[in-house]
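These notes concern the structure reproduced below.
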Amino acid sequence: MKIVKERIRNAAVLSGRDPESIRLVAVSKTKPAEVIMEAINAGVTILGENYIQETLQKLKTKELDTGLPSPVSWHFIGHLQTNKAKYAVKIFDLIHTVDSLKLAKELDKQAKKIGKVQQILLQVNIGMEPSKSGAAAEDVKSLIREIISCKNLSVKGLMVIPPFFNDPEKVRPYFSALRDLADQIKNDKLLMSAPNIAMDELSMGMTADFEIAIEEGATLVRIGTAIFGKRD
Ligand SMILES: *Cc1c(COP(=O)(O)O)cnc(C)c1O
């Protein structure tokens, strides 16, 4: 934990950025509640989870179901099925992986039911990999245009999961492409004048490549292995 925070700080300083502008999302998928509690006690403030069912189960454990408000913010970073939207809005402060109008509309509907404005990021398939989720880069603007009328959604920025490479330098173009896309959207005055649209967050970078992501402008880095060790 300490080492990871130190590495985030160093990468920020080296690229002339304020370390405070980068938030660590500790990715706790497959890790039990006791391990999560240790991370919270060590100073983690945001937890990232990939599966709704798994998160619901963890939140029922004696460690995490204390009756007090959660000491941490929970972010959803996995693939979200429309039929799980109703659970997602109850648990998560930020959903990183919205990639279709269908999912956005369902989240809007479910958020409205519980009187919440759900913060979301739009996941972009920068590499155009057929197997990966994420909206195509050229469709993101039209997706945002539709979300303007979703009053219970608030778009905060973009997210990417690049393809895997052994050489982390190879992911840099994906990170810079995500930043460029966010910049293009920021230049669109019509989109940016909508009260529920912002482009403040770039969710990119994992254990193997987060320093490069920070150099390219990441504001949320999603780190699992470097904090919790290898997953089984
Ligand atoms: C599992 C996961 C991570 C964390 O990956 P590590 O390599 O363990 O840091 C980050 N983002 C997403 C979307 C993930 O599914």
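Laid out as a table, the results:
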read-out: Matching residues, the stretch 139-162, being exposed (fewer than 14 other Cβ atoms within 10 Å of the Cβ) and not acidic (Asp, Glu); value: SER142, SER149, LYS151
read-out: Of the criteria (1) free of Cβ contacts under 8 Å to residues at least 12 places away in the same chain; (2) charged (D, E, K, R); (3) within 16 Å of the ligand (Cβ to nearest atom); (4) closer than 23 Å to GLN119 by Cβ, which one LYS189 fails; value: (3)
read-out: Within the stretch 217-232, tally of residues that are within 9 Å of the ligand (Cβ to nearest atom), touching a residue at least 12 places away in the same chain (Cβ under 8 Å) and charged (D, E, K, R); value: 2
read-out: Matching residues, the stretch 77-117, being within 24 Å of ARG145 (Cβ to Cβ), away from the ligand (no atom under 16 Å from the Cβ), under 18 Å from the mean Cα position of the chain (by Cα) and assigned to a loop (DSSP other than H, G, I, E, B); value: SER100, VAL117
read-out: The stretch 50-67, residues that are among the β-branched types (Val, Ile, Thr) and part of a helix (DSSP H, G or I); value: ILE52, THR55
read-out: Test result for VAL13, away from the ligand (no atom under 13 Å from the Cβ) and free of Cβ contacts under 8 Å to residues at least 12 places away in the same chain; value: yes
read-out: Qualifying position, being touching a strand residue (DSSP E or B) at 6+ places or on another chain (Cβ under 8 Å), closer than 28 Å to ALA208 by Cβ and touching a residue at least 12 places away in the same chain (Cβ under 8 Å), among SER100, SER154; value: SER100
read-out: Qualifying residue in the stretch 60-72 (condition: surrounded by 13 or more Cβ atoms within 10 Å (Cβ to Cβ), within 14 Å of the ligand (Cβ to nearest atom) and under 21 Å from the mean Cα position of the chain (by Cα)); value: no
read-out: Members of the stretch 62-88 that are over 19 Å from GLY224 (Cβ atoms), polar (S, T, N, Q) and modelled with pLDDT of 95 or more; value: GLN81, THR82, ASN83
read-out: Number of the condition not met by GLU20 [criteria: (1) part of a helix (DSSP H, G or I); (2) within 16 Å of the ligand (Cβ to nearest atom); (3) surrounded by fewer than 16 Cβ atoms within 10 Å (Cβ to Cβ)]; value: (2)
read-out: Filter result for the condition that a residue is farther than 14 Å from ILE126 by Cβ and more than 16 Å from the ligand (Cβ to nearest atom), over ILE197, ILE214; value: ILE197
read-out: Flag if LEU220 is within 19 Å of ARG17 (Cα to Cα) and surrounded by 20 or more Cβ atoms within 10 Å (Cβ to Cβ); value: yes
read-out: Qualifying residue in the stretch 25-34 (condition: loosely packed, with under 14 Cβ neighbours inside 10 Å, in contact (Cβ under 8 Å) with a residue 40 or more places away in the chain and either in a loop (DSSP other than H, G, I, E, B) or within 14 Å of the ligand (Cβ to nearest atom) (or both)); value: no
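For (1) among the basic types (Lys, Arg); (2) in contact with a helix residue (DSSP H, G or I) (Cβ under 6 Å, 6 or more places away or on another chain), each residue gets a yes or a no:
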position	(1), (2)
GLU6	no, no
ALA26	no, yes
GLU54	no, no
ILE77	no, no
LYS86	yes, yes
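The values are calculated or read from the model by the stated rules, or taken from the named source; none is laboratory data. All values derive from a computational prediction rather than experimental measurement. Note: ideal-geometry Cβ built from the backbone for every residue, glycine included; neighbour counts use all protein chains shown.
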